[in-house]
Every structure is written in structure tokens, then in C-alpha cells.
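Student: First the structure, which I've put down as C-alpha cells, then a few questions once you've had a look.
The values are calculated or read from the model by the stated rules, or taken from the named source; none is laboratory data. Every value quoted in this text rests on a predicted model; they were computed, and no experiment measured them. So basically every Cβ, Gly included, is an ideal-geometry build from the backbone, and we count neighbours across all protein chains shown. These accessible areas exclude ligands, DNA and RNA; they are computed on the full protein's heavy atoms, side chains included. Shrake-Rupley method; radii C 1.70, N 1.55, O 1.52, S 1.80 Å.
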Amino acid sequence: MKYERDQGRPARRWGVDFLPQADTMLNLGSYTTAVLPPELARIAEHLGGHNLMNNSEYPYVPDMIADCVAGLSELWHRGRHEAPSAAVSGSTEAAMLAGLAALHRWKRTGVGNRPNLVASAGAHVCWRRFCTYWDIELRTVAAAGAAVVADPADLARACSESTILAVATLGYPEHGLFDDVAALAELLRAQGPGTPVHVDAASGGFTAPFLSAGTLWDFLVPEVVSINTSGHKFGQTGLGLGWILWRDADHFPAHLWHEADYVGNGKRDLGLTFSRSAAPVAQQAHLLTRAGAFERYGYDLRDCSALAAAIASALSGDTGLTVLNDGRAMPVVAFADRRSGGVETFTNRMREDGWIIPTYPLTSNPELGQCGRIVVKPGLSAPVRDRLLASVLRAVRPQAVDL
Ligand SMILES: *Cc1c(COP(=O)(O)O)cnc(C)c1O
């Protein structure tokens, strides 16, 4: 039954027959997992009520977390698998923790009186949130000229002695392109020792190791002190999982660890939340420890990227749209148009086939006008993929016959 908003009614009942129906698959803008395969749905059904925090009742949880962290350490070239890490509720919580660890470290060793954090204007809103909540100065850097990612030189210049972190984004939410982490680190090194780099790889943490293996962005870059990703984006788990890994214990001040002995079995813990479902962690552990786990991620992502590239190539025809991301490094197709209504002409036609595509002014470079994005996620069946491409082709060539 279709959910209709009814503002006037004072009371509602949310019976199971009246649960709002929404086809998450049709929302092309979202990065989060849209289709849960049956084995992950089974995990959610069985472990959904197990509390991630209760290590004495569910002793398998810390082992699953350790196995996931080992997988991510391998993907991100972190030598010390046992260095500080955490399974958190999402990349937003990860960002808060990365920022707090850096703030506490700066309080002990840093210079100046007012700490600041540097990020591009297109970075995720969680960094603005971190800075507002903990009263840190946020220094944002806009992209120059016709670019849509910040110039690493501008990011480096914005850093000072009191910069607790320079945040590089691996996958700007609005278009999916990457900050140049290696270039930023090199410039910071030339400026003198000090500014640590955090990589917000909410989407890129699970794509870059497979689609951009030649790009230097992870713990191989000495300035990178911490990295986060979202399990529930290209990590392919259900909603409610993020990961944060620090390079070593030196970058996670020891006093931030806590113990909760009455549930914890003496285990140390870190995080901003407490009780949560263990299901997404169990799903991630399944995905990262099954046979050929990395090959399967690689296969899925190349498959998504091929469809994204086909969509991008259709959009770069005589549509008047500027393709910002061709979907190769990250299965996201982003497009912009300076003409008023240009992007909406395309997205409205897609809407006729049921596809929802968000449109928004480009924050990383407002001069380029309105932007839209299509995130091609793993898990779409062949008929859905065919339908999506057919809709795109029809939307860009409305006079063409139905495919
Ligand atoms: C999605 C996203 C976030 C927030 O992640 P959640 O897991 O939704 O909390 C942070 N940063 C970037 C770059 C993102 O794409």
C-alpha cells in the first residue's frame, strides 16, 4: 500500500499491513545498500536482537570485529592489525571519533589556542557537525576554476600549527570524485612536520582498493593517521555500520578507551553509542571472510563501474549535461548543468520510469550549477540493470523508440 502523508490526522497506527512501501532500489542517489541478498537477510533475522556491546553474552562479536578489521587492514595496507579500530554506527560516528582522537592528541602535543580542522567545501556534513559540536574552527576550501575537487595546495595552505586534522575525502558525496591524498600529504610534508591527515573513505574505502589499486591514498601514505568507511555503503551490509582504523596507538590517546565490565568481559571499548544490533557486523564478517572475498568485491565493483561508465557515456552525448564523474574510479555518475532546469529535464524523464535522482547545487563549485548523481550499487539484478540503462537511453533521446 502506498504511503500518503496525512498532516491533519492526530493519531496513526503502524500495523504491518500499512507499513510504508518504498522501493529502495529506485532511489539512485543513495549510497546505502538497497538490496540485501537472502544470506544477509537471514543473518539480520537471526542476530538482529544480539547486542553488539554485550561481549559476555555474545562472545562471537569481538572475534567478528577483529576479522573485519584484519580484512580492512589488509585492504588499506595497515601493518598492525591490532592497532586501535572500532565498529561504529556509520561514518558519521567514525568522523566524530577521528576528530576527537586528533583533538585530544593536539591538546597534549599541539600548538596554539583554538584548534581547527581543514576539509574541502564538498566534504560530508559530518565534519561540520563535528566542528560545531566540539567547538572547533572549520576551514573549508572550495574548488578553483572549473574543478570540482579542492586543489591539494589550497588545502595544505589552509592548515596551520593548530590544525588537528586535514580531512581528505575519498568520494565526495555529491559527485564521488576523490581528493588527491598523496599530493596533499607531500605538500604538508614540505610545509614542515605535523599536520595529520584523516581520509574520509565512507564510500571509497570499499571501492578504491578494487577499482583504483594504483592510487596512493591509504596507510601507505605516512601522513595518513586514520581512515573511516561505511559498511552499509559499498561494504554491502545492511544499515548501521561504519569502521574507523587508526594507524597506531600513538594516534588514539589511551585515556579514550573505556571498559564496561558488567557486559564487556573486561574488554576495552571506544565509541559514542552503546547498545546496537550485531547484525551488520555479522554481515560484514560474512562478506569479508567467505572464500574469494576480495575477488567477489572486485567483481561486483567492476560490474557496477561498467554500467556506470555506460550511463556516463550516454549522458555525455548531445544532452548539454557536463559529466563530472564517468563512473570508472567509483561507480557513481555525476552530471551538472549551468542552464536552469537542464539537469531536471533529465531527472524528470527518469522519474517517469520510477527512478528517483536527487538534484542539488554543487557545493564544491557553485559556479557549475545544478548537479545530479546516479550511484550504481552492487546487488542490482540483470533485469533491473537493463531497465536502468534503457531508461537513461530513453531519457537522453526522448524521440527514440521504446527499448
Ligand atoms: C555517507 C558519507 C558520510 C556519512 O556516512 P554515514 O555512514 O551515513 O554516517 C560521511 N562521509 C562521506 C564522504 C560520505 O559519503
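Student: Of Pro152, Pro20, Pro84, which is the most mobile in a GNM of the chain whose springs link Cα atoms less than 10 angstrom apart?
Tutor: Pro20
Student: Considering only protein heavy atoms and a probe of 1.4 Å, how much of the accessible area of region 24-106 is carbon and sulfur, as a whole percent?
Tutor: 55
Student: May I pose another question? What whole-number value in Å² describes the accessible area per residue of region 81-224 for a 1.4 Å probe?
Tutor: 38
Student: Count the net charge of all other residues whose Cβ sits under 13 Å from the Cβ of His251, scoring Lys and Arg as +1 and Asp and Glu as -1.
Tutor: My count for the surroundings of His251 gives +2.
Student: With a 1.4 Å probe and every protein chain kept in, tell me what percent of the accessible surface of region 212-251 is carbon plus sulfur.
Tutor: The value for region 212-251 is 59 percent carbon and sulfur by accessible area.
Student: Round to a whole number: what % of the accessible area of region 304-403 belongs to carbon and sulfur, probe 1.4 Å?
Tutor: Its accessible area is 52 percent carbon and sulfur atoms.
Student: Compute the accessible area per residue over region 296-400, keeping the other protein chains in place, probe 1.4 Å, unit Å².
Tutor: Per residue, region 296-400 has 44 Å² of solvent-accessible surface.
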